[in-house]
Amino acid sequence: MSLFLIYPERKMIMKTGILIPAYQPDGKMMEFVRECAEAGFEVTVVNDGSSRGLEYFEQVKLIPGVTLIGYEQNRGKGYALKTGIRSMEERGFGGVITADADGQHLVEDIKKVSAAMAENPGKLIMGARDTDKMPPRSQGGNRLTRRVFKLLYGIDLQDTQTGLRGIPLTDHSREGLLAIRGDRYEYEMEMLTRSASLFPAGIFEQPISTVYFDGNKGSHFRPVKDSARIFAVILRRFPAFMASSLLAFGIDYSLFNLFFYVLSLGTAGSTVCARLVSASANFLVNKYAVFHAGSDSSYSLARYAALAAFILCANIALMHLLTDILGMPAYLMKILVESLMYILSFVLQNKWSAGKKAAA
């Protein structure tokens, strides 16, 4: 039996199903799959190279409405999700509800996400847990991640690490979801960093129950290694941003010397001409190579120019305040102010690349 979501305003019906990646499962997976199937959902289970709990895979594939796929070697949750999405797309599904195999998602919450998909066509639906009810192991990391994510991408989410998501397979998302880099837990974070292009309609958070067993001891999430992978995704653009800045400096320095010594334009003329070229190059490199901002993003030359002007004025004002008025050492304040302005520039440009143009 398949579940179909009806979108009245679009006069279309979308076949949706549940996708469960599983590694070393126990009986909770089997019961959860059975409950989902009994609720009328078609379920796809991906065996992510498990070496234990194989008997449960044998049992779930006997449940009507359940499809079991997999591979021999463990490849990670992200790889399992991509494998399942590809399989479900090939079988005609237009929407996928991902859920974890550890029993921490309830069928009632699956139904809520399913209803939210029908009410919010094209949006990524995030099952949002209450972080106050999470065990310390999960609570601290989730709160830190969502704050850093909001700062850098301008997207305020209650729960960035939820495994319960309603993912529409649209013209915007189909190929992009399969092309996302990362085969482990970082895949789900990468999905969020690219949400503007994958899900132009936006993100909708559906409150769900916060369920944990034994303080989440059964989780395969490795706090240090997997957290590092997730933050590498969130911050991955910063090294490229630094490289782009060094490139702009090199262009600016070289052209200044060319204009000053060869063309004899003087200091003012050489500085202005060199800065126009280096700034233009920096804008293009940042937009297309660092932040990969599409033509429909809010990243524009006008905004870049306004930011550059603001940073220059703010730099002058802060240096005057800190050194001339407060008497702080200029050589230290220069480093502090330049660092703050640099981070501000990165944060704003990153948000522009993730944002969409305002409707005309």
>> For semi-axes √(5λ) of the Cα gyration tensor in Å, one of (i) 48, 22, 18; (ii) 37, 22, 19; (iii) 33, 26, 18 was computed from the structure I shared and the rest are decoys. Which label?
In response: (i)
> Which listed residue (322, 30, 191) has the Cα farthest towards the positive end of the charge dipole for the chain, taking +1 on Lys and Arg C-beta and -1 on Asp and Glu C-beta about the Cα centre?
Replying inline: 322
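Ranked by accessible surface with a 1.4 Å probe, highest first, in what order do 45, 285 come?
Numbers: 45 0, 285 45 Å².
Correct descending sequence by accessible area is 285, 45.
Within a Cβ distance under 14 Å of residue 83, other residues only, what is the Lys/Arg minus Asp/Glu net charge?
Working: positive: 75, 77, 82, 86, 91, 184; negative: 48, 72, 89, 90, 183.
Here the charged neighbours net out to +1.
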> Pulled fully out, how much extra length does the chain show between residue 272 and residue 332, if you take 0.36 nm times their separation in residues and subtract their Cα-Cα distance?
Replying inline: 18.9 nm
>> Which of 32, 260, 199 ends up with the largest GNM mean-square fluctuation for the chain, with Cα atoms connected below 10 Å?
In response: 260
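Can you tell me, using C-alpha contacts under 8 Å and at least 6 residues apart, the relative contact order of the chain as a whole percent? Intermediate values should be presented prior to the final figure.
Values: 564 pairs, mean separation 51.5, N = 360.
The normalised contact order for the chain reaches 14 percent.
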> Put +1 on the Cβ of each Lys and Arg and -1 on the Cβ of each Asp and Glu in the chain; which of 280, 120, 298 then has its Cα farthest toward the positive end of the dipole?
Replying inline: 280
> How big is segment 37-182 by Rg and Dmax over its Cα atoms, in Å?
Replying inline: 16.1, 47
>> Rounded to the nearest percent, how much of the accessible area of the chain (1.4 Å probe, protein heavy atoms only) is carbon and sulfur?
In response: 61 percent
> How much accessible area per residue does the chain have, in Å², with a 1.4 Å probe?
Replying inline: 49 Å²
> Do any trypsin sites (Lys or Arg not before Pro) in segment 47-78 lie in a loop, going by DSSP, with at most 16 other beta-carbon atoms within 10 Å of their beta carbon, and if so which?
Replying inline: 52, 61
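The values are calculated or read from the model by the stated rules, or taken from the named source; none is laboratory data. Source: prediction; values computed, not measured. Using ideal geometry, Cβ is built from the backbone for each residue, glycine included, and neighbour counts are taken over all protein chains shown. Protein only, heavy atoms only, side chains kept; ligands, DNA and RNA dropped before computing areas. Shrake-Rupley method; radii C 1.70, N 1.55, O 1.52, S 1.80 Å.
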